């Protein structure tokens, strides 16, 4: 069955996109990640205009994070104060990202920017994850205990002004680093169509030293609010949110995530992290290859986008 | 009524010239005087129409087949099933401005480095003809009537050409045609794109693809004889969004803020609904 997407302006096979949504949902359920970093490149690969892929991705991520965020909040796993600082930063980052996206689209450099962002972030995060998981795997094989969070360690982060007390995280740190992290993630979310958990979670753990028990909940809290704002901004500024496409992807994603979560329960954490790292690096290499290899067609056509800078 | 009068008038002043045309024996009952065959001296003209006057792009739109049919009035064709005249049908979509970008290798990465904006490029362009168009007429005639991909009117927007040389601009032009062909938006109907039934009736089927840009389409029908256009006719068909498809699209572009808010609500609602349905334990 085919369906005509009103914003992407293309006729697509529903079964194919449901399958795509559930495949990404399966992987996100398996690894416990949002999956935006897989979904957006796949949509672009399927011929969805990159702006629509990014904008619709935000809507899909909002749908897939909202129930998780509520559940975490009920379990008191959200540092609301920290979350609020992250959201404020995130909204600022998102506004900048969506506006930059508009400018880049007019200049014809948006696709390049998206690809470069993906290669950079996925490359960096994937490599770090790979190194870490290989280390843990080696340690677990030799019988040594895996590393635990070192409390009381101070870094440059703790010397900044605007100190705030984050009770839930048992932290007394400057509000600047969380706001910066939030802004960075919001910017990425707007440009790349990702939730940004894969940057936010390590940043909170390693830079801010937020207890792991509240990291997931707090980052989901931020993702929900920032994705809602990003969806709205993408719809208003770039007309890039395809509700019909999003619904198909959400439906597929929900189904896939059920199986993914079940499969994930049977695997060890270290194994999962290793596989996730490998997947992230693969996506990075694929996008990188497309940038470097001589394209079969060096010309491209597009509509003239109205509006000034 | 006008045609009837013209016919009568023509018969009165007609000089029987083309005997072969007259010689064809008429079958069937004797026609009333008004329906007499038109005089051969009258110039043959072409009339055409499209099977559908308006097409709707709905959520289920997967393309549509239109039939351009017509007749040659005052046909002097000696035998049935064509061969005497050539008919070319060109179906053109709404012209839009288009940016063509060219990539080049910048330090190992392929980047869009230059571009040309064409002020108006037909969003869709299909040709159907009785024979390959190169056999029907020479380039000057095809150029004059914008028949054939290389004769599509495509002028660079003011100030967009820059310092490009002619051959460079031509490369951009051919790139547009190549890319549009790859998207199935510029098509040449295969052999026998236009077929004659009888001495004057012809028809042509043109399949609009699912990705045909929304907007009015124009079907130009040309009647050729000996490499010259002897008559032409224009018919129009509208192609517009309808139903939910129209609603969503208009909403997104006109009331984009409300659309965005509704998108957020839908996302939240569907996320909650789905998790309630599956009663999943979130991570």
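For segment A:121-135, residues that are surrounded by fewer than 19 Cβ atoms within 10 Å (Cβ to Cβ) and more than 16 Å from the chain's Cα centre (by Cα) total 7.
Conditions (1) exposed (fewer than 15 other Cβ atoms within 10 Å of the Cβ); (2) outside the structural domain of residue B:119 (by TED's automatic domain parsing); (3) closer than 21 Å to residue B:96 by Cβ, marked per residue:
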{"site": "B:158", "(1), (2), (3)": "yes, no, yes"}
{"site": "B:173", "(1), (2), (3)": "no, no, yes"}
{"site": "B:198", "(1), (2), (3)": "yes, no, no"}
{"site": "B:214", "(1), (2), (3)": "no, no, yes"}
{"site": "B:220", "(1), (2), (3)": "no, no, yes"}
{"site": "B:224", "(1), (2), (3)": "no, no, no"}
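Regarding residue A:241, is this residue in a loop (DSSP other than H, G, I, E, B), at the interface with chain B (Cβ under 10 Å from one of its Cβ atoms) and under 30 Å from residue B:59 (Cβ atoms)? Yes: the conditions hold for residue A:241.
For residue B:127, the test of being crowded, with 17+ Cβ neighbours inside 10 Å, modelled with pLDDT under 90, in the same structural domain as residue B:181 (by TED's automatic domain parsing) and touching a helix residue (DSSP H, G or I) at 6+ places or on another chain (Cβ under 7 Å) is failed. Apart from one condition, residue A:201 fits all of (1) more than 9 Å from chain B (Cβ to nearest Cβ); (2) assigned to a helix (DSSP H, G or I); (3) at pLDDT 90 or above; the exception is (3).
If you go through segment B:105-122 and keep only what is at the interface with chain A (Cβ under 9 Å from one of its Cβ atoms) and assigned to a loop (DSSP other than H, G, I, E, B), you end up with just B:108. Suppose the filter is facing chain B (nearest Cβ under 8 Å), touching a residue at least 24 places away in the same chain (Cβ under 8 Å) and not in a loop (DSSP other than H, G, I, E, B); does residue A:253 pass it? Answer is no for this residue.
For residue B:181, the conditions (1) within 14 Å of chain A (Cβ to nearest Cβ); (2) assigned to a strand (DSSP E or B); (3) free of Cβ contacts under 8 Å to residues at least 40 places away in the same chain all hold with the exception of (2). The sole residue among A:1, A:46, A:10 that is free of Cβ contacts under 8 Å to residues at least 60 places away in the same chain and away from every other protein chain (no Cβ under 12 Å) is A:46.
Of all residues in segment A:106-120, those satisfying the criterion of being more than 15 Å from the chain's Cα centre (by Cα) and in a helix (DSSP H, G or I) are A:106, A:107, A:110, A:111, A:112, A:113, A:116. Kindly establish whether residue A:196 is more than 13 Å from residue A:55 (Cβ to Cβ), buried (at least 24 other Cβ atoms within 10 Å of the Cβ) and within 12 Å of another protein chain (Cβ to nearest Cβ). It is false that residue A:196 is more than 13 Å from residue A:55 (Cβ to Cβ), buried (at least 24 other Cβ atoms within 10 Å of the Cβ) and within 12 Å of another protein chain (Cβ to nearest Cβ). Of all residues in segment A:270-309, exactly one satisfies the criterion of being within 12 Å of chain B (Cβ to nearest Cβ) and under 21 Å from residue A:136 (Cβ atoms), namely A:272. Scanning segment B:251-271 for residues being within 8 Å of another protein chain (Cβ to nearest Cβ) and at pLDDT 90 or above gives a total of 14.
The values are calculated or read from the model by the stated rules, or taken from the named source; none is laboratory data. Since we're looking at a predicted model, the values are computed, not measured. Heads up, the Cβs are rebuilt from the backbone with ideal geometry, glycines too, and the neighbour counts pull from every protein chain shown.
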